[in-house]
1. With a cut-off of 16 Å, note down the residues of the stretch 356-371 whose backbone N falls inside the zone around a label point 7 Å from the Cα of residue 254 toward its beta carbon.
2. When the accessible area of the stretch 267-461 is split by element with a 1.4 Å probe, what percent falls to carbon and sulfur?
3. For n ≥ 4 DSSP H runs only, could you compute -39500 (n - 2.57) per run for the chain, divide by its residues and tell me the 222 nm figure to the nearest 500?
4. Set Lys and Arg Cβ to +1 and Asp and Glu Cβ to -1, take the dipole of the chain about its Cα centre, and tell me which of 307, 78, 188 lies farthest positive.
5. Test of the criteria: in the stretch 73-144, which trypsin sites (Lys or Arg not before Pro) are in a DSSP loop and have at most 13 other Cβ atoms within 10 angstrom of their Cβ?
6. Quick one: accessible area per residue over the stretch 267-461, 1.4 Å probe, rounded to a whole number of Å²?
7. Once the Cα gyration tensor of the chain is found, what semi-axes does its equivalent ellipsoid get, as square roots of 5 times the eigenvalues, in whole Å, sorted largest first?
8. Given points 7 Å out from each Cα along the Cα-Cβ axis, report the residue 153 to residue 66 separation in nanometres with one decimal.
Amino acid sequence: MQKSIELILKIDQINDSSLIKKIVAKKCGLAIEQISDIEYLKRSLDCRQSTPKYKLIVNVYTEGEKSLPVKNVFPDRLGSHTAIVIGAGPAGYFAALELIAAGIKPIVLERGKDVSGRRKDLKTIMQLGVVNPDSNYCFGEGGAGTFSDGKLYTRSNKRGDIRKVLQTFVAYGADPDILVDAQAHIGSDKLPQIVAAMRNSILEHGGEVHFETKVTGFLQHENSVSGVKCENGEEYFGDCTILATGHSASDIYYMFAENKFAIKAKPFAVGFRVEHSQEWLNKLQYGEKFYKQLPPATYKLVARGVGDRGVFSFCMCPGGIIIPASTAENQLVVNGMSVSKRNSKFANAGIVTSVGDEDFFEFAEYGELAGLKLRESLESSFYLGNPENFQSAPAQRTIDFLNGKISKSLIESSYIPGLECVDLNKLFPRKVAESLRIGLGQFNKRMKGFVGENSLVIGLESRTSTPVRIPRDAETMEHIELKNLYPCGEGAGYSGGIVSSALDGINVARKIAEKIQN
Ligand SMILES: Cc1cc2nc3c(=O)[nH]c(=O)nc-3n(C[C@H](O)[C@H](O)[C@H](O)COP(=O)(O)OP(=O)(O)OC[C@H]3O[C@@H](n4cnc5c(N)ncnc54)[C@H](O)[C@@H]3O)c2cc1C
């Protein structure tokens with residue numbers, strides 16, 4: 001027999017499994033020996049009261065029954081159909097695994113290197129600020145998700161089976177705790193091994209993965225895509241092609257525009273990373289009595305800026321660091337990441353505000369690429385070109401940003417390439433800067449000390465979502481003009497984050513299987 005129950009536990013009880021078993025037995029009116037298994041379903045921390053508590057939902061099994069481990073099921077042999085998958089990010093790899101499950105051979109083409117080759121290029125970015133345009137924090141095996149914060153929470157409940165995505169990560173080596181934690185997190189020390197295990201599985205089951213293979217165009221028969229051309233001169237053919245190149249692949253948007261394939265400008269958000277001490281945040285969120293006993297605290301904030309512009313926190317990284325996420329020379333983009341222990345002494349988050357038609361106006365001559373042009377213009381304004389480290393970033397104390405003053409000095413930061421004192425207000429369009437100031441002011445009212453001498457803003461955060469949508473048919477998921485081409489994931493504008501991109505990859509692969517089987 002199986003029964004689901006909810007427990008409210010003190011913070012020192014949550015890791016004591018034998019005590020939890022006793023509590024479960026009492027709550028269910030059972031003797032301990034009658035319980036054959038306890039499966040943890042969801043664990044969340046509730047800090048709304050002065051004493052933080054954990055909420056734990058479990059499945060209780062009796063009469064010898066046990067929870068069943070989940071396994072990926074793949075066919076012994078693939079059929080004769082193939083699908084090209086452009087991009088080895090979460091959308092691409094999850095699509096490839098799902099294609100295999102349906103008996104279709106995936107050929108994954110990735111412009112960057114495998115995870116281990118990628119590491120050397122990341123070191124060069126950190127130490128010298130030199131960016132390899134095909135191998136960086138966004139490009140390479142695992143995509144932008146590999147050296148990321150690895151947060152796995154998403155609001156995309158309606159897009160598919162989130163638990164299947166989490167179970168797949170566990171099957172390839174992630175800690176099973178991610179199936180349970182309300183704020184599941186993997187960390188950039190663990191993600192590379194998981195991504196490599198996914199690739200090995202694709203290869204073992206008959207798929208192909210080609211690194212340093214940048215796709216530059218499509219092979220077409222009238223309006224139907226039959227394959228792709230690559231920068232190295234190679235051509236690949238497939239029944240269908242999944243385009244999962246992420247939102248940093250500007251060259252793909254240019255390729256669409258040059259060929260007059262349908263694309264659509266889309267609002268996105270820009271701003272900066274704000275960095276505080278994690279200890280300050282823990283004390284604020286948990287109180288003096290408990291702050292040392294609980295996991296690094298987080299926050300999620302929303303405000304309204306000028307007019308209808310939203311200002312919100314984005315991709316908060318507790319115990320993390322700020323990293324240079326640029327994908328080309330002469331641009332400055334920052335983002336946040338953390339390792340599984342989240343043990344850095346800093347807490348950072350993107351603080352961003354939405355930009356849309358009003359802000360694209362200046363770039364109207366570029367049509368549907370206007371948002372991309374705004375992004376490029378901002379990313380080059382933030383680039384300082386310091387020869388000691390080309391990725392040194394403009395920074396300011398939060399209080400100085402609010403007052404429009406260049407800081408005389410800066411405090412310690414996690415951003416390794418270095419910081420320079422700049423008034424960030426001057427680098428943003430006027431209304432964007434105004435909205436960010438209004439937002440910060442409101443956040444400071446909600447979280448005392450959010451703005452002050454002891455926190456920094458570091459820019460530019462611009463890779464929040466794609467500035468260009470690659471539109472697809474709602475039913476078939478094919479591009480609205482190009483048959484057999486499936487725009488997928490964050491770069492096409494159909495997901496945001498690791499889990500929703502993985503779900504989109506799965507959904508597209510299923511559509512392809514449906515089409516091929518009919
Ligand atoms: C530093 C950082 C931290 C992040 N932290 C989190 C987090 O904690 N949680 C979360 O949910 N999300 C996080 N994200 C966002 C998340 O990584 C993305 O939402 C997700 O990776 C998007 O998946 P995707 O597969 O659609 O695209 P991507 O991951 O961007 O993958 C696209 C792939 O396509 C390849 N590619 C591009 N162009 C070509 C071409 N022409 N030919 C061949 N290959 C090409 C790229 O090299 C890349 O590998 C973070 C992102 C960054 C950069």
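The values are calculated or read from the model by the stated rules, or taken from the named source; none is laboratory data. For clarity, every value in this text was computed on a predicted model and none was experimentally measured. Here the Cβ positions follow ideal geometry from the backbone for every residue, glycine too, while neighbour counts run over all protein chains shown. Note: areas computed on protein heavy atoms with side chains; ligands, DNA, RNA excluded. Shrake-Rupley method; radii C 1.70, N 1.55, O 1.52, S 1.80 Å.
1. Inside the label zone: 366-371.
2. Working: 4180 of 8110 Å².
Summing carbon and sulfur atoms, their accessible area is 52 percent of the total for the stretch 267-461.
3. -8000 deg cm²/dmol, from helical runs alone.
4. 307
5. Answer in residue order: 77.
6. Accessible area per residue: 42 Å².
7. Those come to 36, 35, 19 Å.
8. Once both label points are built, they end up 3.2 nm from each other.
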